[in-house]
Amino acid sequence: QVQLVESGGGLVQAGGSLRLSCAASGRTFSSAAMGWFRQAPGKEREFVAAITWSGSSTTYADSVKGRFTISRDNAKNTVYLQMNSLKPEDTAVYYCAARRYISAWSSRVDAYDYWGQGTQVTVSS
């Protein structure tokens, strides 16, 4: 069993920054890709960012490019999402996710096998 626990969410003003962390525990695979998704009330869960196992390749949703940075520390089984220049539109519950075996990233929700419970990010205008 793999457990993912997000942290770092909170309330910030527009233009501010937050750094989210996702710590993985249990039976994890160092080669697994991880990603961040978000879901606003009444909306479908949407892709935010993803990273390969090595951290050498990342991808971002167009809406967050240039503002968010995903990184990981495999020794800690932790993935991070640095969010800068936050906008009210970024308000959502943010979830981290992990693939079971695949090292390549994916923007598809159904490509991920494990999910955290989410952390709320609220950006005030």
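The values are calculated or read from the model by the stated rules, or taken from the named source; none is laboratory data. All values derive from a computational prediction rather than experimental measurement. Cβ placement follows ideal geometry from the backbone for every residue including glycine, while neighbour counts extend to all protein chains displayed. SASA here: full protein model, heavy atoms, side chains in, ligands and nucleic acids out. Shrake-Rupley method; radii C 1.70, N 1.55, O 1.52, S 1.80 Å.
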In debye to the nearest 20, how big a dipole does the chain give about its Cα centre with +1 on each Lys and Arg Cβ and -1 on each Asp and Glu Cβ? 180
What accessible area, in Å² to the nearest ten, does a 1.4 Å probe give for residue 89? 130
If one puts a single equal scatterer on every Cα of region 57-118 and applies the Debye formula without solvent, what log₁₀ I(q)/I(0) results at q = 0.18, 0.20, 0.21, 0.28 Å⁻¹? -0.76, -0.94, -1.04, -1.56
Within region 38-73, DSSP-loop trypsin sites (Lys or Arg not before Pro) with at most 15 other C-beta atoms within 10 Å are 43, 65, 67
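Send over the per residue convex hull volume for the chain, Cα only, as a whole number of Å³. Don't jump to the answer; show the numbers that get you there.
Details: hull volume 11.1 nm³, N = 125.
That works out to 88 Å³ per residue.
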Eligible lysines near residue 65 by straight Cα distance, threshold 21 Å, same-chain separation 8 or greater: 43, 87
Testing the spin-label approximation: label points 7 Å from Cα along Cα→Cβ at residue 74 and residue 107. State their distance in nm. 2.5
Across region 52-57, in residue order, what do the Karplus-derived ³J(HN,Hα) couplings come to in whole Hz, using 6.51 cos²θ - 1.76 cosθ + 1.60 with θ = phi - 60° and x for Gly and Pro? 6, 4, 7, x, 7, 9
Give the residue from 104, 88, 124 lying farthest towards the positive end of the charge dipole for the chain; charges sit on Cβ (+1 for Lys and Arg, -1 for Asp and Glu) and the dipole is referred to the Cα centre. 104
Working out 0.36 nm times the residue gap between residue 3 and residue 58, then minus their Cα-Cα distance, what length gain in nm do you get to one decimal? 17.6 nm
Expressed in angstrom, Rg and Dmax over the Cα atoms of region 32-78 are 11.7, 37
